[in-house]
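The values are calculated or read from the model by the stated rules, or taken from the named source; none is laboratory data. All of these numbers come straight from a predicted model, not from anything done at the bench. Heads up, the Cβs are rebuilt from the backbone with ideal geometry, glycines too, and the neighbour counts pull from every protein chain shown. Note: areas computed on protein heavy atoms with side chains; ligands, DNA, RNA excluded. Shrake-Rupley method; radii C 1.70, N 1.55, O 1.52, S 1.80 Å.
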Amino acid sequence: MSFFPNKISIRKPDDMHLHLRQGDTLKIVAPESAKWFSRALIMPNTIPPINNSERLIAYRKEIEEATLGSGFSPLMSFKLYPNMKEEDVIKLSEVGAVAGKLYPEGSTTNAEDGVKSYEQIKEALSAMSKLGILLAIHGEKPDSFVLDREKDYLPELFKIIEHFPDLKIVLEHVSCVEAVNAVINGPATLAATITVHHLLITLDDLIGGGLNPHNFCKPVVKTPKDREAIQSAALSGNRKFFFGSDSAPHPETSKLTKSGSAGIFSAPAAFPLLVSFFEKNGSKDLLEDFTSRFGAEFYNLPLNKSIITLERKERKVPEKFSTIVPFMAGSSLEWDIL
């Protein structure tokens, strides 16, 4: 890790929460993540979902073909479903799954077949705990008021912790004060990912001066007080908090309908924005831990050996990637790959 006024070199980072979709969309967006990140935890809420070993193998191959020659390694997860059996988890473990993803029913994109209660997946969670497979959770209670959904999910989270004390759990994309505090005060087996959009924007950026559908995500960005808690967590050096982009592309046509899709395609801008954020807060020395160390250590992965170097150089975020509008489209970034 080295820093100069106009150059920064650190261990190449990991993205511990990434949506790549499928088909032509995957071919467009995967290289953007591979450019900045050495590895990424790939989300399984595709159609059909990644919920068995055969689909996991095929999806990993599709990602590897789209990022060929980049050195990028997909870390594969699977989607938990009601009454999932131990033998299914064992097969997924044997083909390299590192995490199982819990989507509460109806909570986000392609979660209509999600889980109503952890009681429905107790056998799978027990198997995951024994095998060392992590549990990643989209922590929202779908029938609560939209700004309270993450807070209202916390009792369910702590029931899981109580019943499976050895199971490592990641509360994905924390978005409120209560969730941040729950992770800080929770056991060592509980950690959280932080996105760049929850780190930087609030409801004002979504609906303050007019509706910006490209800033719509789940969990929805919240208040300045919530953002302050998330920023403090990222800057604290607490190894329970690490980067996961939740970069989630949708075509513009899906974002601009009356029931617009939730998801922010942040991959092209996320890492330069993180560099700027840590620099402006006088914490560049914490950047490598947040992006390249803490996530790997929590997932029991070796640290990346490759180095990424950025220079202070203005670069504009493209207005579109095919039909996908990225986060901060048209804005100027302060850093670019050397």
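Restricting the search to the stretch 158-171, which residues are among the acidic types (Asp, Glu) and in a helix (DSSP H, G or I)?
The first filter runs over the stretch 158-171 and keeps only residues among the acidic types (Asp, Glu), leaving 162, 166.
Matches in the stretch 158-171: GLU162 only.
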Complete set of residues in the stretch 98-157 that are under 30 Å from PRO302 (Cβ atoms) and either at pLDDT below 95 or assigned to a loop (DSSP other than H, G, I, E, B) (or both): VAL98, TYR103, GLY132, ILE133, HIS138, GLY139
Could you list, in sequence order, the residues of the stretch 88-107 that are aliphatic (A, V, I, L, M), within 21 Å of the chain's Cα centre (by Cα) and open to solvent by 30 Å² or more (accessible area, probe 1.4 Å)? VAL98
Pairs returned, first residue in the stretch 285-298 that is within 11 Å of GLY244 (Cα to Cα), second residue that is open to solvent by less than 20 Å² (accessible area, probe 1.4 Å) and in a helix (DSSP H, G or I), beta-carbon separation under 8 angstrom, 6 or more apart or interchain, are PHE290/ALA234; PHE290/LEU274; PHE290/PHE278; THR291/PHE271; THR291/LEU274
Just for the stretch 144-173: of the residues that are open to solvent by 20 Å² or more (accessible area, probe 1.4 Å) and among the acidic types (Asp, Glu), which one is farthest from the chain's Cα centre (by Cα)? GLU162
If ASN110 satisfies every condition in (1) surrounded by fewer than 22 Cβ atoms within 10 Å (Cβ to Cβ); (2) more than 20 Å from the chain's Cα centre (by Cα) but one, which is the exception? (2)
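Conditions (1) under 15 Å from PHE290 (Cα atoms); (2) out of contact with any strand residue (DSSP E or B) (no Cβ under 8 Å at 6 or more places or on another chain), marked per residue:
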position: ASN6; (1), (2): no, no
position: SER9; (1), (2): yes, no
position: PRO31; (1), (2): no, yes
position: PHE37; (1), (2): yes, no
position: ILE42; (1), (2): no, no
position: THR46; (1), (2): no, yes
position: PRO49; (1), (2): no, no
Is it the case that PRO82 is open to solvent by 10 Å² or more (accessible area, probe 1.4 Å), within 19 Å of the chain's Cα centre (by Cα) and modelled with pLDDT of 95 or more? no
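If you check PRO302, PRO249, which single one turns out to be assigned to a loop (DSSP other than H, G, I, E, B), modelled with pLDDT of 95 or more and in contact with a Ser or Thr (Cβ under 9 Å, 6 or more places away or on another chain)? Before you say what the answer is, go through the steps one by one.
Working: PRO302 fails: in contact with a Ser or Thr (Cβ under 9 Å, 6 or more places away or on another chain).
PRO249 is the lone residue from the list that is assigned to a loop (DSSP other than H, G, I, E, B), modelled with pLDDT of 95 or more and in contact with a Ser or Thr (Cβ under 9 Å, 6 or more places away or on another chain).
Among the listed residues PRO74, PRO82, identify the single one that is in contact with a helix residue (DSSP H, G or I) (Cβ under 6 Å, 6 or more places away or on another chain), more than 13 Å from HIS19 (Cα to Cα) and outside any helix (DSSP H, G or I).
Values: PRO74 fails: more than 13 Å from HIS19 (Cα to Cα).
That would be PRO82, the only listed residue that is in contact with a helix residue (DSSP H, G or I) (Cβ under 6 Å, 6 or more places away or on another chain), more than 13 Å from HIS19 (Cα to Cα) and outside any helix (DSSP H, G or I).
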Can you tell me which residue in the stretch 189-217 is most open to solvent (accessible area, probe 1.4 Å), limited to those that are touching a residue at least 40 places away in the same chain (Cβ under 8 Å) and in a loop (DSSP other than H, G, I, E, B)? PHE216
Give the residue that is nearest to the chain's Cα centre (by Cα), with candidates limited to residues of the stretch 286-338 that are open to solvent by 60 Å² or more (accessible area, probe 1.4 Å) and of a type in the set (Asp, Glu). GLU297
Collect the residues in the stretch 319-337 that are of a type outside the set (Ser, Thr, Tyr), touching a residue at least 24 places away in the same chain (Cβ under 8 Å) and outside any strand (DSSP E or B), keeping them in residue-number order. LYS320, VAL325, PHE327, MET328, ALA329
May I ask you to list the residues in the stretch 15-51 that are in contact with a Phe, Trp or Tyr (Cβ under 6 Å, 6 or more places away or on another chain) and of a type in the set (Phe, Trp, Tyr)? TRP36
Answer residue from the stretch 224-246, given it is out of contact with any Cys (no Cβ under 9 Å at 6 or more places or on another chain) and part of a loop (DSSP other than H, G, I, E, B) and is most open to solvent (accessible area, probe 1.4 Å) among those: ARG239
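Surrounded by 15 or more Cβ atoms within 10 Å (Cβ to Cβ) and either in contact (Cβ under 8 Å) with a residue 40 or more places away in the chain or of a type in the set (Ser, Thr, Tyr) (or both), is that true of LEU75? Talk me through it step by step, then tell me what you get.
Numbers: surrounded by 15 or more Cβ atoms within 10 Å (Cβ to Cβ): yes; either in contact (Cβ under 8 Å) with a residue 40 or more places away in the chain or of a type in the set (Ser, Thr, Tyr) (or both): yes.
Spelling it out, LEU75 is indeed surrounded by 15 or more Cβ atoms within 10 Å (Cβ to Cβ) and either in contact (Cβ under 8 Å) with a residue 40 or more places away in the chain or of a type in the set (Ser, Thr, Tyr) (or both).
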